[in-house]
Amino acid sequence: MRLAGTLSAKGELVRLVDFDLQDKLLSLKLGNYHTAGVADLLASLKVPPEEFLAPLSGTTIEFAPAGMCTLADIPTEASDNLAQLLSPPKNGTLIVEAGFDSPVQVLLEHVEAVICVAAADKPWTPHQQKVLLEIKEARKPIWGLFQGGSGIFPFE
């Protein structure tokens, strides 16, 4: 969210997508917890992406909430509308907020790089390490950011 806010403050158009389909914390924080969104699109409910993209007041950010469907409702293949949703706005930037339980393979088809937020005092769980390995095997650059920190570093 901070990255989206920083880019927006500079006048850049930003599409912010909550792809954390389990916790949906960003949608909860922004008050869009009980609205259609990414999960509904992935579950192939006939919801066109433009119906749930909403501008965040006072910014140049358009936000796509996580949606109401659960991970269990989502098939392994992506819906056709996902590519439309996961494309940056014209002359803008796409930022996707995802959790380690998000459908990683679906997401990796559409992103150019990954930023992982790490807690300095917690080691990665075996599941998190598996997801990071999937990202690395997909040849996507991974950047790290410590929770509450401002520095970003290449993640090896």
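The values are calculated or read from the model by the stated rules, or taken from the named source; none is laboratory data. As the structure is a prediction and not an experimental result, all values here were calculated from the model. Neighbour counts run over all protein chains shown; Cβ positions are idealised from the backbone, glycine included.
Brief remarks follow.
- The stretch 2-17: number of residues that are aliphatic (A, V, I, L, M) and assigned to a strand (DSSP E or B): 4
- Contact map, the stretch 1-27: residues that are surrounded by fewer than 19 Cβ atoms within 10 Å (Cβ to Cβ) paired with residues that are in a helix (DSSP H, G or I), Cβ distance under 7 Å, separation 6+ or inter-chain. Pairs shown: Met1/Leu26; Gln22/Leu71.
- For the residues Glu51, Glu112, the requirement of being surrounded by fewer than 12 Cβ atoms within 10 Å (Cβ to Cβ) and closer than 22 Å to Val14 by Cα singles out Glu112.
- Any hit, the stretch 122-139, residues being modelled with pLDDT of 80 or more and in contact with a Lys or Arg (Cβ under 8 Å, 6 or more places away or on another chain): no
- Complete set of residues in the stretch 110-120 that are modelled with pLDDT of 80 or more and either in a loop (DSSP other than H, G, I, E, B) or of a type in the set (D, E, K, R) (or both): Val111, Glu112, Ala113
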